[in-house]
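Taking it in order: structure first as structure tokens, then the write-up.
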Amino acid sequence: MRSCIARVACLALALVAGTAKASDLTDFNALVEQAQSHNRVAIGYLRTGNLDLALLEIDRLRDAWGAFEQRFAGKQPDAFDGVTQYGIMFTGVHARLVAVDLMIQMGNPDAVRRSLEGIRGDLYDLRKAAGIKVLADCVRDGNAAMDALMAYDERALDWTKSETRDGIAGKASIYGDVLERCDGMADDAVRQAPEFRRLVDGAKSSLTLIPKAIATRDGDLLHRVLIELRSFDNLLAFRFG
């Protein structure tokens, strides 16, 4: 009887501990997202030249990052056990925020944007090393896939070369696959949100025109489609990346 009670007690403790560990990672992701929501908006404002609004978001980013750092700088969730990038990430982000201040004082908004994008990259690398998958990182993968596809946005394409036609089709397929992955991993609230659906479904619809552009060797159509895709991609990064 006593051994049975002991086993039940051990199981209960294990379940509580497991819940706490899961909760730590959930809280970690939630606090990172709070900071990153300001970071990506600041990057978007800097990209469009709206420095005043970017500075407001950078101040909010600092506050959110401070709350995150206070909670997790000295308390590593178990999901990051053995991941050396954990401590490096905090040091790196701190250095980037210092660089942001310096570049603001020097009046260099492009350098400010690059430092903020570096923070996004630091978090991406950390989660990738730990095998943690979140929507923001999938969107970042989509940005990279879109960059590769945009390399074909030139009017002087040599359509006679199979490498050109196959390259466009291949890069478009990769971007479409990433969109499907992002759509599948978004939680129900995000997946059903009108804004998310408009961006993802709009990008998927635009991709269906790529085969026509290739078949007709229509550089103008390809250009229009790529510009449209780039717009969807930028908005996905601005809102969910």
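With θ taken as phi - 60° and the Karplus curve 6.51 cos²θ - 1.76 cosθ + 1.60 applied, the whole-hertz 3J(HN,Hα) list for the stretch 205-221 is 5, 4, 4, 5, 8, 4, x, 5, 4, 5, 4, 8, 6, 9, x, 5, 5 Hz, x standing for glycine and proline.
Based on protein heavy atoms only, the stretch 153-219 ends up with 56 Å² per residue of surface accessible to a 1.4 Å probe. Listed options for volume of the Cα convex hull per residue in Å³ are (i) 119; (ii) 103; (iii) 168. The value calculated from this structure is the one marked (iii). Accessible-area rank, largest first, for Met150, Met89, Met185: Met185, Met150, Met89, with all protein chains present and a 1.4 angstrom probe.
Between 0 and 90 degrees, the angle of helix 109-130 with respect to the longest Cα principal axis of the chain falls at about 60 degrees. Report, in degrees rounded to the nearest 10, the 0 to 90 angle that the Cα long axis of helix 2-47 makes with the longest principal axis of the chain. The two axes meet at around 40 degrees. Accessible surface for the stretch 24-107, divided over its residues, is 52 Å² per residue with a 1.4 Å probe. With the whole protein complex present, Cys182 retains an accessible surface near 10 Å², based on a 1.4 Å probe.
Between helix 135-150 and the chain there is an angle of about 20 degrees, using the helix long axis and the longest principal axis of the Cα atoms.
Cross-link check: pairs Lys75/Lys128; Lys75/Lys133; Lys128/Lys171; Lys128/Lys161 evaluated at a Cα-Cα cut-off of 29 Å; pairs beyond the cut-off: Lys128/Lys161. P(r) tail for the stretch 96-185: Cα pairs beyond 20 Å make up 55% of the total. Centre-to-centre, using Cα atoms only, the stretch 127-154 and the stretch 41-113 are separated by 20 Å. Asp101 sits among other residues whose Cβ lies under 12 Å from its own Cβ, and their net charge, with Lys and Arg +1 and Asp and Glu -1, is +1.
Residues Tyr86, Tyr45, Tyr124, ordered by accessible area of protein heavy atoms at a 1.4 angstrom probe radius and largest first, appear as Tyr45, Tyr124, Tyr86.
Taking all protein chains as they are arranged and a probe of 1.4 Å, the heavy atoms of Lys212 leave approximately 120 Å² accessible to solvent. Got a number for carbon plus sulfur as a percent of the chain's accessible area, 1.4 Å probe? It is 56 percent, rounded to a whole number.
The values are calculated or read from the model by the stated rules, or taken from the named source; none is laboratory data. Since we're looking at a predicted model, the values are computed, not measured. Don't worry about glycine lacking a Cβ; one is built from the backbone with ideal geometry, like all the others, and counts go over all protein chains shown. Keep in mind that these areas ignore ligands, DNA and RNA; they rest on the heavy atoms of the full protein, side chains included. Shrake-Rupley method; radii C 1.70, N 1.55, O 1.52, S 1.80 Å.
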